[in-house]
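Asks: What follows is a structure written as structure tokens; I'll ask about it next.
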Amino acid sequence: MENYPASQNLPITAWAEDDRPREKLLGKGRHSLSDAELLAILLGSGSRNESAVSLSQRILDSVGKNLNELGKRSIAELMKFKGIGEAKAITIAASLELGRRRQASDLPERPEIKSSSDAHRLLSPLLLDLPHEESWILLMNTKKQVIGKEKLSIGGVNATIIDAKIVFRKAIEGLASCIILCHNHPSGTLKPSQADVDLTRKLKQAGELLNLPVVDHLIIADGGYFSFADEGMM
């Protein structure tokens with residue numbers, strides 16, 4: 001349980017210096033701040049009757065204190081909170097998007113894929129906050145080092161079309177020796193549909209003919225991921 005001063009509904013300038021998020025960050029470092037305090041720094045101010053930290057707590061409570069869920073909120077949804085105008089809503093959305101991009105880019109050069117969890121770590125930042133389905137492939141060399149990531153398609157809430165010709169054209173153009181297919185389920189379910197199973201079988205067979213193996217197919221959702229390879233379905 002996070003502890004805040006009893007006067008948290010007062011303006012932050014009225015708090016003891018150690019309780020102010022900016023001063024706390026400067027004095028104790030950014031890792032000492034809670035999510036609500038970090039969000040309060042972005043907001044800059046609350047309203048007449050509510051501090052920025054209290055407002056931030058209320059916003060985080062609405063998504064179960066889950067930053068991934070907060071990242072899915074639209075500008076209009078954020079503006080429904082009293083004290084959040086367009087400028088503050090844009091600041092929240094931009095900061096969460098920047099964090100997502102940092103996670104996606106904070107990778108060693110040509111990381112080696114040794115397991116499905118390695119692939120998930122590379123691909124999940126691209127897909128977790130999306131309200132629609134997308135499909136991607138990881139391009140790898142003979143050592144299973146990643147040499148590229150390619151988006152294949154963008155679909156609706158429940159489906160996206162993956163064209164085998166596009167899959168292998170991108171793989172061949174990228175000089176890949178093997179690939180991993182991936183798509184997300186915005187619904188949160190990790191269970192593959194029959195269409196997912198059929199597509200995986202089709203692409204695996206095509207890859208064998210082209211000597212360009214499809215080594216795994218991941219389904220990514222908020223609850224984790226499903227690996228066809230781990231389940232013995234490749």
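The values are calculated or read from the model by the stated rules, or taken from the named source; none is laboratory data. The model shown is predicted, which means the values in this text are computed figures rather than measured ones. We place every Cβ from the backbone using ideal geometry, glycine too, and count neighbours over all the protein chains shown.
Asks: Go through (1) charged (D, E, K, R); (2) in a helix (DSSP H, G or I); (3) within 22 Å of Ser115 (Cβ to Cβ) and name the single condition Lys202 misses.
Replies: All conditions are met except number (3).
Asks: With respect to Ile90, determine if the residue is in a loop (DSSP other than H, G, I, E, B) and β-branched (Val, Ile, Thr).
Replies: Numbers: in a loop (DSSP other than H, G, I, E, B): no; β-branched (Val, Ile, Thr): yes.
No, not satisfied.
Asks: Identify all residues within the range 165-222 that are over 29 Å from Leu67 (Cα atoms), surrounded by 16 or more Cβ atoms within 10 Å (Cβ to Cβ) and of a type in the set (A, V, I, L, M, F, W, C); write none if there are none.
Replies: Hits for the range 165-222 are Val167, Phe168, Ala171, Ala176, Cys178, Ile179, Leu199, Leu203, Leu212, Val214, Val215.
Asks: Tell me which residues, restricted to the range 127-143, are assigned to a strand (DSSP E or B) and of a type in the set (A, V, I, L, M).
Replies: If the condition is that a residue be assigned to a strand (DSSP E or B) and of a type in the set (A, V, I, L, M), then Ile137, Leu138, Leu139, Met140 are the ones that fit.
Asks: Tally time: how many residues in the range 123-135 are surrounded by fewer than 21 Cβ atoms within 10 Å (Cβ to Cβ) and out of contact with any His (no Cβ under 7 Å at 6 or more places or on another chain)?
Replies: Qualifying residue count, the range 123-135: 7.
Asks: I need every pair where a residue in the range 60-83 that is outside any helix (DSSP H, G or I) has its Cβ under 6 Å from the Cβ of a residue that is of a type in the set (A, V, I, L, M, F, W, C), sequence separation at least 6 or different chains.
Replies: If the second residue must be of a type in the set (A, V, I, L, M, F, W, C), the pairs left are Val63/Leu70; Gly71/Leu96; Met79/Ala89; Phe81/Ile59; Gly83/Leu55.
Asks: So, in the range 184-213, how many residues would count as being within 24 Å of the chain's Cα centre (by Cα) and among the aliphatic types (A, V, I, L, M)? Walk me through it before giving the result.
Replies: Step one: list which residues in the range 184-213 are within 24 Å of the chain's Cα centre (by Cα), which gives 184-193, 196, 200.
Next cut, among the aliphatic types (A, V, I, L, M) only: 190.
Selection size over the range 184-213: 1.
Asks: Is one or more of the residues making up the range 60-73 modelled with pLDDT under 80 and either within 22 Å of the chain's Cα centre (by Cα) or within 30 Å of Asp129 (Cα to Cα) (or both)? Walk me through how you get there before you give the answer.
Replies: Filtering the range 60-73 down to residues modelled with pLDDT under 80 leaves none.
Checked the range 60-73: no residue is modelled with pLDDT under 80 and either within 22 Å of the chain's Cα centre (by Cα) or within 30 Å of Asp129 (Cα to Cα) (or both).
Asks: Have a look at Ser153, Ser124 and point out the one that is in a helix (DSSP H, G or I) and either under 21 Å from Gly224 (Cβ atoms) or not basic (Lys, Arg) (or both).
Replies: Details: Ser153 fails: in a helix (DSSP H, G or I).
Step by step, each of Ser153, Ser124 is checked, and only Ser124 is in a helix (DSSP H, G or I) and either under 21 Å from Gly224 (Cβ atoms) or not basic (Lys, Arg) (or both).
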